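*Asks:* Structure below; questions to follow.
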Amino acid sequence: MNYFFFVAEEARELMAQLGIRRFSDLIGRVDLLDMRKGVAHWKAQGLDFSRIFTAPQVPAEVARSHAERQDHGLDKALDNRLIELATPAIERKEPVRIEVPVRNVNRTVGTMLSWHVASRYGHDGLAPDTIHIRLAGSAGQSFGAFLARGITLDLIGETNDYCGKGLSGGRISVQPSPKFRGEPGENIVTGNVVLYGAIAGEAYFRGVAGERFAVRNSGAHAVVEGVGDHGCEYMTGGTVVVLGLTGRNFAAGMSGGIAYVYDVDGELARLCNMAMVDFEPVLSESEQQAKIPRDLWHQGQCDEPILRGLIERHARYTGSSRAHRILEDWPEQRVHFVKVFPKEYRRALGELAAAHRKAAA
């Protein structure tokens, strides 16, 4: 707020120097632009900007600024129907089950519904799975964006980009149609920039995600069967399990959270950006107790139950055959997982543990 006060103050000073009282009076005033420093720069030599900085002659009735309210077509959004069907849950916290088709023109499915839940109950939302929505088809962009606690989106099909953007406590599960004949773990089921900026909740994808999976994730837990380039980029919290291949530059800028990667072929070391992370094996509970002080465990828990628990939930919610195969041979398969542990997170956990020991003493 203080920063914007300073911006506003400086803007008022500049406008006063120009003899302008209102922002609207600045629109189209190309005569007020001071271009000398820009045009005089050596890179601009020989360039003619006269046509760019010329005010066009237009009729008085033609607006040159925002003059009418934009229609976003929200009256046609699928969420209007979902809100209507979920009324018992929104008003009385009664569990509801909804089944609807979805198309790629249906964007941000669940976001308007989440607003109704959040406006009544805040970030605490509803009890888990109070509103369970089963959808079939190809979902549009930002499917499940900002999904609130208590809402589950169970999709049979695939999603576009930005699925789970800003996920805020809800649960998303995606699996291909039963009619799909390919191997899910080798085919794309969700687009790019999935779980961008998610803060809480769960997401399970039976299939491969595009680029920048879980970028800036700060608290959501997710399982996916493969990711493109830049997976877990700038991640600051949460847990990501990759049951397959990763693209290049994995974990770039990752300062928090944990990633577990099923690295059977040993390619992760070549594809991961090691500038801010280290690799560790996934230890059993007895191994971890023997090697690492309990107060330095990730969030006070052992890696093995965290990882296995997420894979079990992935198998339950998506029917993943890959997850089932790993679980059936768990003692042998566990050793193929690599724990990607940010150096900054390790340092912060160490300082926190030291503070706790000091307080206890």
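A short reminder: the numbers here are calculations on the coordinates, not readings from a lab. Keep in mind that what you see is a predicted model, and the values were worked out from it rather than measured. So basically every Cβ, Gly included, is an ideal-geometry build from the backbone, and we count neighbours across all protein chains shown.
*Asks:* Using Cα positions and a limit of under 30 Å, work out the lysines in reach of Lys93, with same-chain residues fewer than 8 apart set aside.
*Replies:* In chain and number order, the partners are Lys76, Lys165.
*Asks:* Follow-up question, since we're still on this one. Where a Cα-Cα gap under 15 Å defines reach, which aspartates and glutamates qualify for Lys358, not counting those fewer than 8 residues away within the same chain?
*Replies:* Asp295
*Asks:* Determine, for each peptide in 7-13, 183-189, the mean count of other beta carbons within 10 angstrom over its residues, then list the peptides with the highest first.
*Replies:* Details: 7-13: 10.3, 183-189: 17.4.
Result, highest mean first: 183-189, 7-13.
*Asks:* Given the -39500 (n - 2.57) contribution per DSSP H run of 4+ residues, what per-residue ellipticity at 222 nm results for the chain, rounded to the nearest 500 deg cm²/dmol? Mind showing how you got there, number by number?
*Replies:* Numbers: 11 runs with 104 residues, N = 361.
Mean residue ellipticity, 222 nm, calculated: -8500 deg cm²/dmol.
*Asks:* Still on this structure: Among [x] 37, 22, 18; [y] 43, 24, 19; [z] 44, 29, 22, which one is semi-axes √(5λ) of the Cα gyration tensor in Å computed from these coordinates?
*Replies:* [z]
*Asks:* Projected onto the charge dipole of the chain (+1 at Lys/Arg Cβ, -1 at Asp/Glu Cβ, origin at the Cα centre), which of Gln141, Ser173, Met35 gives the Cα projection farthest towards the positive end?
*Replies:* Going by the Cα projections, it comes out as Met35.
*Asks:* Build a GNM of the chain with springs between Cα atoms under 10 Å: which of Gly150, Gly350, Gly219 gets the top mean-square fluctuation?
*Replies:* Between Gly150, Gly350, Gly219, it is Gly350 that shows the largest mean-square fluctuation.
*Asks:* May I ask you to list the lysines whose Cα is less than 25 Å away from that of Lys43, ignoring any residue fewer than eight positions away on the same chain?
*Replies:* Of all the lysines, none pass the test against Lys43 - Cα under 25 Å, at least 8 places apart if same chain.
*Asks:* May I ask for the Kirkwood hydrodynamic radius of segment 205-361, worked out over all distinct Cα pairs and given in angstroms to one decimal? Write out the running numbers ahead of the final one.
*Replies:* Values: mean 1/r = 0.0634 Å⁻¹.
This gives a value of 15.8 Å.
*Asks:* About its Cα centre, how strong a charge dipole does the chain have in debye, to the nearest 20, once Lys and Arg get +1 and Asp and Glu get -1 at the Cβ? Each step should come with its number before you reach the end.
*Replies:* On the way: 43 positive and 44 negative charges, 105 e Å.
The dipole of the chain has a size of about 500 debye.
*Asks:* Kindly point out which whole DSSP H helices in the chain project their C-alpha atoms 20 angstrom or further along the helix axis while averaging a Kyte-Doolittle hydropathy of -1.0 or above.
*Replies:* Numbers: long enough: 2-18 (25 Å, 0.25); 303-318 (22 Å, -0.80); 343-360 (26 Å, -0.82).
Sorted by number, the helices that extend far enough and score high enough are 2-18, 303-318, 343-360.
*Asks:* Using Cα pairs under 8 angstrom and six or more residues apart, how large is the relative contact order of the chain, in percent?
*Replies:* Numbers: 777 pairs, mean separation 29.9, N = 361.
Rounded, it is 8 percent for the chain.
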